[in-house]
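Worksheet: the structure to be examined is printed underneath.
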Number of protein chains: 2
Amino acid sequence: MFKRVKSIKELYDKYVIYLNQSILIEGWLKNRRCQKKMVFLDLNDGTSLDDLQIVYRIDDFNNIVNEIKNNLQIGISLQIKGYLVKSKTEEQKIEILAKEIIILGKNYSDYPIQTKKHSKAFLRQNAHLRLRTKLFGAIFRIRSTVYYAVNDFFRKEAFFNIATPIITTSDGEGAGELFKVTSFDLEKIPFDQNKKVDYKKDFFGQKTFLTVTGQLEAEAFATSLRKVYTFGPVFRAENSNTPRHISEFWMIEVEEAFCDLQKIINLAQKLLQQIIKYCLKNNIEDFLFLEKNGEFNLISRLEKIAFLEKIKQIDYKEAIKILINNQDLFENKPFFGSDLFNEHEKFLTEIYFQEPIFIINWPRNIKAFYMKDNSDHQTVAAMDLLVPKVGELIGGSQREEKLEVLINKMKEFNIAYEELEWYLDLRRFGSCIHSGFGVGFERLLIFLTGLDNVKDVIAFPRTPGNAFF
Amino acid sequence: MFKRVKSIKELYDKYVIYLNQSILIEGWLKNRRCQKKMVFLDLNDGTSLDDLQIVYRIDDFNNIVNEIKNNLQIGISLQIKGYLVKSKTEEQKIEILAKEIIILGKNYSDYPIQTKKHSKAFLRQNAHLRLRTKLFGAIFRIRSTVYYAVNDFFRKEAFFNIATPIITTSDGEGAGELFKVTSFDLEKIPFDQNKKVDYKKDFFGQKTFLTVTGQLEAEAFATSLRKVYTFGPVFRAENSNTPRHISEFWMIEVEEAFCDLQKIINLAQKLLQQIIKYCLKNNIEDFLFLEKNGEFNLISRLEKIAFLEKIKQIDYKEAIKILINNQDLFENKPFFGSDLFNEHEKFLTEIYFQEPIFIINWPRNIKAFYMKDNSDHQTVAAMDLLVPKVGELIGGSQREEKLEVLINKMKEFNIAYEELEWYLDLRRFGSCIHSGFGVGFERLLIFLTGLDNVKDVIAFPRTPGNAFF
């Protein structure tokens, strides 16, 4: 007799087919307002930004009114049976006139999440419950949409999704501190004759780490399947507690064979623009909520970028000149040959250019060994995309495809090339030019949502001193 | 003048628009056949199962014929400029009459992958190069399609993708050995006064592991966003070297609120059937190749399952009866209360029922603490889906939603419930019935491809003693 509705989102999307019918729906109580004769409940199940209004006349529930009234606390779960009607108010399209209210799950103590605004720090401590708030509902619905947009983009562009290993023996680019992975009982580490740890006795028979990048393996795929991307977690054991750093985060890594720097730059631009368009189209209510509660021009900022014809490119040399001309603004003084600090990145993209900008042709000494030397022998065919709110969002390069050049560079950069024979094989047998880039997923989400802290766009962040939940 | 074609797949898909035109295309040389006046090259770039035939008349290349002939070794990368024509033979639709052949990347030594059939063990040792073979090309193109099919299915079913942590302090279900994650220098582990490892000094300030499941965190999401799934790597430090085990594998975990066991069983069936249909439709050439080179009735086996109206369900009790009646067949003797071994699973699904089968209502003592007790107090509302080729493919259950029952069961099962206060909070505030299941992604791929070993459906498998590449 009561038609069960799959979710509140489903009800909003297809309310016309449920209108003036008896329906059954579940959710959590988010708010309640009592008038003399009427009670209004806001129900939500996390599928929709907008709560569903439940209305009941106190008279109709007379015999149980006190019991219900006392137990209808914020946070409990309910099943509602009622009649769906058009709402008379402007605030919502529809509402349910309740016939029956069933409490599925009560509260055993005071629910920590109240209707008042909680600080983000408090909510981080209650990461398992913050997911039930409007803000984090919006964030994680958007995160899911962006995840899908990424996969959909690459499918349509004929890239293959690949999985690269999480447990690894190589330290990747030599960039970033590594977490160690072991099966040893740490109280009984076995040592060899030379009083070194006897890794032969460990699970994998050698020293292993959590990966910082899947790029080298992605290159093996690209030189086999041509166009590939990874989408998975990577790790940094850096002891820095900033709004831009977490120890475990997700990364998209792209690698394409027979492809030079300019082509990969075009791909990066297209990826970014498609993601913006897709998620604005699919989650506009969530973005409007974020805009109202955070960055006031979020949507127009994103839309402007989505329709840029070609994102500007400047040489690293030029960028450094601009920074040196404005050096009074910076704590870290820029000079030719230095890496860019976040303050430099933000100045360039937010203040100087006021739009996203690719910086290309970086000094070879501050970039990874696998990047392709330019003919000036001083710079490499690398690119960083800087965007407002974040600074560096995407980093990539053309890779060195020449065997001898790569070996020499590995020697010069002190890379243990004996351990990377398999990687050299990619140049030893049918080498080809190829290029790729990486996108930090949480930084992308900061850019898209306008939030200030990567810890708020991943559900259970890992940071120094914190692996809770 | 020569129109560049994006990939060999692109050329096959849209050959009509390139026909009788001058095109430019890249790839790797997979085979060559010389006749008196003609040379035939098989070119591929991994995007397509079928090689592209390049034809050149020796006369046209007379001045450089010897140089080219000597250097055209299997494995090198080439750029071909030529004229696309319909092929006169039946074997291929199209071929290129070469005007120019440019060697992009030669071989520096003998290419390990030759046209003869290599053993899978040899190819595993050359995991970075096996990706270039027809077999592994097919496997990893299918893997990518299945990855997409999973995400597409859940998007259409209105599930949110979520990321649960890889580094964790909890040992999940108490199931499976765990890898430890640490920043300690293993040669200088700090000890406290009691001669215990002083984890307060480690990166996260406590003992941390690689996750075996994201389920508990997924439950936090499901009781917030209603319908969620994870898709990422999980880990087992078990010292078992079988064709069904790897130490690092990908898992899909699904969790839905306001949902009981039967509903989650229906969802699991729908997921499996949609995946089969999607990948047979999108990768039929790859499946035909696998069928020709492996399981002879692969496609019809899959199709039959894809169109089953309802996958049969039997009680664990009934399954055990069947097994006891056939106990002479088994190394491990089945008895009521025992878990099923792979030989039991395969007997039930491959021989006895000869189709997939859900086994439901398992003895509570052999299942995880969070599974919902049935009213008989002996069994739990759990399901395993057994399928031919694999045995257990999917495992799931309704979760215990009652606070007191769950706490008592955690005590009974010796689960440190003090460390899982946050998990109990999900029952403390607005609890609701909810259910979920997990699918091992590599097992799913074994089921779909008909291969025998999970090490062949993940690119760089991690197993005891092996974390190469």
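The values are calculated or read from the model by the stated rules, or taken from the named source; none is laboratory data. No experiment lies behind these values; they were computed from the predicted model shown. As a convention, Cβ positions derive from the backbone with ideal geometry for all residues, glycine included, and neighbour counts pool all protein chains shown.
Values as computed for the structure displayed
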| item | result |
| --- | --- |
| Filter pass, A:N62 being assigned by the TED database to the domain that holds A:E90 and at pLDDT below 90 | yes |
| Per-region count, region B:189-214, residues over 22 Å from A:I246 (Cβ atoms) and touching a strand residue (DSSP E or B) at 6+ places or on another chain (Cβ under 7 Å) | 4 |
| Whichever residue in region B:45-60 is closer than 15 Å to B:E95 by Cβ and polar (S, T, N, Q) and, among such residues, is farthest from the chain's Cα centre (by Cα) | B:Q53 |
| Hits in region B:206-240 - residues which are among the polar types (S, T, N, Q) and either under 20 Å from B:E442 (Cβ atoms) or more than 9 Å from chain A (Cβ to nearest Cβ) (or both) | B:T211, B:T213, B:Q215, B:T230, B:N239, B:S240 |
| Residue check, B:V405 buried (at least 21 other Cβ atoms within 10 Å of the Cβ) and either modelled with pLDDT of 95 or more or out of contact with any Gly (no Cβ under 8 Å at 6 or more places or on another chain) (or both) | no |
| Filter result for the condition that a residue is at the interface with another protein chain (Cβ under 8 Å from one of its Cβ atoms) and out of contact with any helix residue (DSSP H, G or I) (no Cβ under 7 Å at 6 or more places or on another chain), over B:G465, B:G440 | B:G465 |
| Selection count, region B:127-174, where residues are assigned to a helix (DSSP H, G or I) and farther than 20 Å from A:I142 by Cβ | 22 |
| Residue tally, condition within 13 Å of chain B (Cβ to nearest Cβ) and either outside any helix (DSSP H, G or I) or modelled with pLDDT under 95 (or both), over region A:443-462 | 6 |
| Check on A:G46, touching a residue at least 40 places away in the same chain (Cβ under 8 Å) and either farther than 21 Å from A:N20 by Cα or within 14 Å of chain B (Cβ to nearest Cβ) (or both) | yes |
| B:I101 being within 29 Å of A:N161 (Cα to Cα) and not basic (K, R) | no |
| Any hit, region B:32-50, residues being out of contact with any Lys or Arg (no Cβ under 9 Å at 6 or more places or on another chain) and either at pLDDT 95 or above or part of a helix (DSSP H, G or I) (or both) | no |
| Residue in region A:183-203 that is modelled with pLDDT of 95 or more and either under 22 Å from the mean Cα position of the chain (by Cα) or within 30 Å of B:A138 (Cα to Cα) (or both) present | no |
| Residues of region B:427-437 classified as at the interface with chain A (Cβ under 7 Å from one of its Cβ atoms) and assigned to a helix (DSSP H, G or I), total | 1 |
| Residue list for region B:223-260, filter: touching a residue at least 60 places away in the same chain (Cβ under 8 Å), in a loop (DSSP other than H, G, I, E, B) and closer than 26 Å to B:P388 by Cβ | B:R236, B:E238, B:S240, B:N241, B:P243, B:R244, B:H245, B:I246, B:S247 |
| Sole exception among (1) touching a residue at least 60 places away in the same chain (Cβ under 8 Å); (2) within 26 Å of B:I458 (Cα to Cα) for A:K200, by number | (1) |
| Filter result for the condition that a residue is buried (at least 18 other Cβ atoms within 10 Å of the Cβ), closer than 25 Å to A:A127 by Cα and more than 7 Å from every other protein chain (Cβ to nearest Cβ), over B:F160, B:F203, B:F154 | B:F154 |
| Condition met for B:S109 (without any contact (Cβ under 8 Å) to a residue 24 or more places away in the chain, more than 11 Å from chain A (Cβ to nearest Cβ) and within 25 Å of A:D425 (Cβ to Cβ)) | no |
